[in-house]
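To start, the structure itself, in structure tokens.
The values are calculated or read from the model by the stated rules, or taken from the named source; none is laboratory data. Predicted model, so just to flag it, every value in this text is computed and none were measured. Don't worry about glycine lacking a Cβ; one is built from the backbone with ideal geometry, like all the others, and counts go over all protein chains shown. Remember, those area values only see protein heavy atoms, side chains included, never the ligands or the DNA or RNA. Shrake-Rupley method; radii C 1.70, N 1.55, O 1.52, S 1.80 Å.
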Amino acid sequence: MQLEAFLYNGQTSKRTRCVLEIGMDGRFQLPNGLSWKWQQLKVSQRIGHSARFLDLPDGSCLETSDNDLVDQLCTQFGQGDDKLHILESRTRYVLASIILTALAGWWFIASGIPVIANHVAHALPAGVTQELGDETLSFLDEILFHESQLDASQQTDIRSQFQALASQQHSDFRYKLHFRDGGGMANAFALPSGDIVITDQLIALAEHPDAVIGVLAHEIGHVEYRHIIRRILQDSVLPLVITAVTGDATVATTVLAGLPTLMVEAHYSREFESEADQFAIQQLQANGRNPAHLAALLSQLEAHIHPDGETEAEEKSSIGSWFSSHPGTEERIRILRESEASTR
């Protein structure tokens with residue numbers, strides 16, 4: 001059998017055309033006079049109609065496009081592996097690989113990215129977000145908020161209860177409560193630095209002090225679980241992966257620059273909301289407070305947002321309430337009321 005090929009000596013890029021006479025025992029001779037057996041070759045796998053490479057023990061190499069003859073010789077002399085060619089030449093295997101790739105991509109987006117984001121977020125020192133929190137609050141004060149009109153004594157009372165709650169946390173966050181006049185916004189939110197903002201309008205809706213403390217405990221939960229940072233990182237896949245692989249936290253901190261804009265349209269996932277609610281329930285119960293008052297405030301907020309049958313689409317277009325940025329209200333109310341029953 002004759003095999004047409006190019007010979008590379010392994011020292012330069014120069015190639016020599018040759019025709020190899022393959023004997024019955026698999027032996028052949030090269031133009032340089034050396035003789036080898038086919039069994040001594042290392043044959044590359046077949047991929048479509050691309051050229052094959054036959055590596056020789058002395059470092060030289062043969063290149064040929066006669067794939068059918070190479071396959072025949074490999075079968076005859078027990079050399080080579082055609083598994084890859086079988087896979088890529090069978091339609092069912094190609095379709096299966098496409099489906100598996102799609103499923104792997106879906107899993108990475110749905111599960112892999114949140115897991116990595118959680119790991120990276122908890123690896124960042126609490127102090128990294130302090131300066132960013134100050135900048136974000138200044139930005140929001142310019143476009144959304146005004147100075148609080150809440151009575152000074154009431155501010156002092158709420159702040160005192162908040163500090164008592166914050167002092168019970170064992171993290172490195174420096175918690176600070178800020179009161180703001182939100183205009184038409186009954187809102188509260190947490191920055192990843194530990195700064196928590198609550199508006200006069202939300203406090204006015206609360207019929208019991210435990211409801212306000214419940215909201216603040218919920219927001220502390222978002223900070224403790226690093227929900228804001230995790231959301232930003234999940235939306236920034238490339239820096240997230242680089243940080244996870246290299247351990248370089250500076251790459252992750254660069255994407256946090258988008259925090260001010262994100263806070264304007266912040267919407268937590270149901271998973272994050274559930275975690276923060278459970279945290280609030282534990283904190284309230286540990287301090288002898290009733291989670292049912294937080295449930296009552298959520299009910300009031302729902303009525304406040306839908307006074308005239310406002311549609312869900314209209315609600316989502318608004319940044320006006322703690323309700324709209326914290327989804328799954330009916331389920332949350334149910335869980336909070338059940339927690340009240342469990343403490344009796």
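Quick look at the numbers
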quantity	calculated
Selection count where residues are outside any loop (DSSP other than H, G, I, E, B), open to solvent by 30 Å² or more (accessible area, probe 1.4 Å) and not acidic (Asp, Glu), scope region 146-169	11
Subset tally (residues that are in a strand (DSSP E or B) and of a type outside the set (Lys, Arg)) for region 176-204	13
Odd one out for residue 87 among (1) open to solvent by 50 Å² or more (accessible area, probe 1.4 Å); (2) in a helix (DSSP H, G or I); (3) hydrophobic (A, V, I, L, M, F, W, C); (4) at pLDDT 80 or above	(4)
Residue within region 64-82 that is at pLDDT below 80, of a type in the set (Phe, Trp, Tyr) and in a helix (DSSP H, G or I) present	no
Unique residue being in a helix (DSSP H, G or I), under 30 Å from residue 176 (Cβ atoms), modelled with pLDDT under 70 and open to solvent by 40 Å² or more (accessible area, probe 1.4 Å) when the list is 135, 131	131
Tally of residues being hydrophobic (A, V, I, L, M, F, W, C) and more than 34 Å from the chain's Cα centre (by Cα) across region 155-172	1
